[in-house]
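> The structure's right below; bear with me while I get my questions together.
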């Protein structure tokens, strides 16, 4: 089995557009025998000493 982890970055103010995309995309995943196991949206306290941009979703 192959697991893919994706870091998703959103342009500030475009969160609603991303939500609309996910509403369409997530149901299609199973059509291709895929599974969305986790959708994680960490808050600022979840990052430790990172000097990179924080992803909106993992």
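> Compute the convex hull volume of the Cα atoms of the chain, divide it by the residue count, and report the result per residue in Å³ as a whole number.
102
> Angle, helix 15-29 long axis vs. longest principal axis of the chain, Cα atoms, 0 to 90°, nearest 10?
30
> State the extension gain, in nm to one decimal, for the chain segment bounded by residue 46 and residue 17, taking 0.36 nm per residue of separation less the distance between their alpha-carbons.
8.0 nm
> Another one. Helix-only mean residue ellipticity at 222 nm, the chain, DSSP H runs n ≥ 4 weighted -39,500 (n - 2.57), per residue, nearest 500. What is it?
Rounded to the nearest 500, it is -8500 deg cm²/dmol.
> Which order do the peptides 12-20, 41-49 take when ranked by the mean count of other beta-carbon atoms within 10 Å per residue, highest first?
12-20, 41-49
Readers should treat all values here as calculations from the given coordinates under stated rules, not as data from a laboratory. None of the values given here were measured: they were computed from a predicted structure. Please note: Cβ atoms are built from the backbone with ideal geometry, for glycine as well, and neighbour counts cover all protein chains shown.
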